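Notes to accompany the following structure.
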Amino acid sequence: MRDAEEFDAFYAACAGRVVGHVFALTGNRGEAEDAVAEAFMRAWQRWRTVREADSPEAWVRRVASRIAVSSWRKTFNRIRAHRRAAVDQSVPGLSEDHVALLQALQRLSANQRRAVVLHHLNDLSVAEVATEMRVPIGTVKSYLARGRRAMAGMLTEAHQEGASHG
């Protein structure tokens, strides 16, 4: 019984953050929730091992990210075959700024996007991001610098386009 109570407390403490992380990676809340649910199911199946990890939340976040990215790639390739023209998806409850931010994140490389999301949206230190991504700290700094620079350009363009239409 202790395992179930401990796992329930773990889930309650971090599920929202993990969904937010995966949503930022994929831009699709439903896919994020599905990936996180699958990751928590896997964590429960391996709970005695997962709870001993340095960061059980990081374990779940990593598994959920992999599930979402794998699913996203399959879906993206299938959709790409059907739709050649880009169609903006509107997400209820999101401001124009949030949509622009998510679109900019999607245009980064997978590693840059992951580093930016972990560091800026999940408040992990550069060292923690390096540990989670299993790369040197210098590599994370490079991903962050390049990702921020690319996003700044994209968000400036989006802002200018929005101003010219408004």
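The values are calculated or read from the model by the stated rules, or taken from the named source; none is laboratory data. Remember, predicted model here, so these are calculated numbers, not experimental data. With ideal geometry, Cβ positions are generated from the backbone for all residues, glycine too; neighbour counts draw on all protein chains shown. Quick note on the areas: whole protein, heavy atoms, side chains included, nothing else; ligands and nucleic acids left out. Shrake-Rupley method; radii C 1.70, N 1.55, O 1.52, S 1.80 Å.
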* Structure fact -> Across (1) among the aromatic types (F, W, Y); (2) buried (at least 18 other Cβ atoms within 10 Å of the Cβ); (3) at pLDDT below 95, W59 clears everything bar (3)
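If I ask for residues that are hydrophobic (A, V, I, L, M, F, W, C) and either in contact with a strand residue (DSSP E or B) (Cβ under 6 Å, 6 or more places away or on another chain) or not in a helix (DSSP H, G or I) (or both), which ones from region 1-53 would you list? Talk me through it step by step, then tell me what you get.
Restricting attention to region 1-53, the residues satisfying the condition of being hydrophobic (A, V, I, L, M, F, W, C) are 1, 4, 7, 9-10, 12-15, 18-19, 22-25, 32, 35-37, 39-41, 43-44, 47, 50, 53.
Once the filter is applied, which keeps residues that are hydrophobic (A, V, I, L, M, F, W, C) and either in contact with a strand residue (DSSP E or B) (Cβ under 6 Å, 6 or more places away or on another chain) or not in a helix (DSSP H, G or I) (or both), region 1-53 yields M1, A53.
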* Asked: Does A43 meet the test of being aliphatic (A, V, I, L, M), farther than 19 Å from A110 by Cβ and in contact (Cβ under 8 Å) with a residue 12 or more places away in the chain?
  -> yes
* Test: S142 is at pLDDT 80 or above, farther than 29 Å from A13 by Cβ and open to solvent by less than 90 Å² (accessible area, probe 1.4 Å) -> yes
* Asked: For T49, all conditions in the list (1) open to solvent by 40 Å² or more (accessible area, probe 1.4 Å); (2) under 19 Å from the mean Cα position of the chain (by Cα) hold save one; what is the number of the exception?
  -> (2)
* **Hits in region 127-145 - residues which are in a helix (DSSP H, G or I) and either under 16 Å from the mean Cα position of the chain (by Cα) or among the basic types (K, R) (or both)** => E128, V129, A130, E132, M133, V140, K141, Y143, L144
* Among (1) touching a residue at least 40 places away in the same chain (Cβ under 8 Å); (2) surrounded by 20 or more Cβ atoms within 10 Å (Cβ to Cβ); (3) closer than 17 Å to T26 by Cα; (4) not β-branched (V, I, T), the one test that H119 misses -> (1)
* Do we have L124 as assigned to a helix (DSSP H, G or I) and under 25 Å from E57 (Cα atoms) here? -> no
* List, please: which pairs have Cβ atoms under 9 Å, are six or more places apart or on different chains, and start with a residue in region 130-152 that is more than 15 Å from S65 (Cβ to Cβ) and end with one that is among the basic types (K, R)? -> A130/K141; G147/R113; A150/R107; M151/R107
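So how many residues does region 20-36 have that are free of Cβ contacts under 8 Å to residues at least 40 places away in the same chain and open to solvent by less than 60 Å² (accessible area, probe 1.4 Å)?
Total meeting the criteria: 5.
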* **Among (1) within 18 Å of G20 (Cβ to Cβ); (2) at pLDDT below 90; (3) surrounded by 15 or more Cβ atoms within 10 Å (Cβ to Cβ); (4) of a type in the set (A, V, I, L, M) - the single one V91 does not satisfy** => (3)
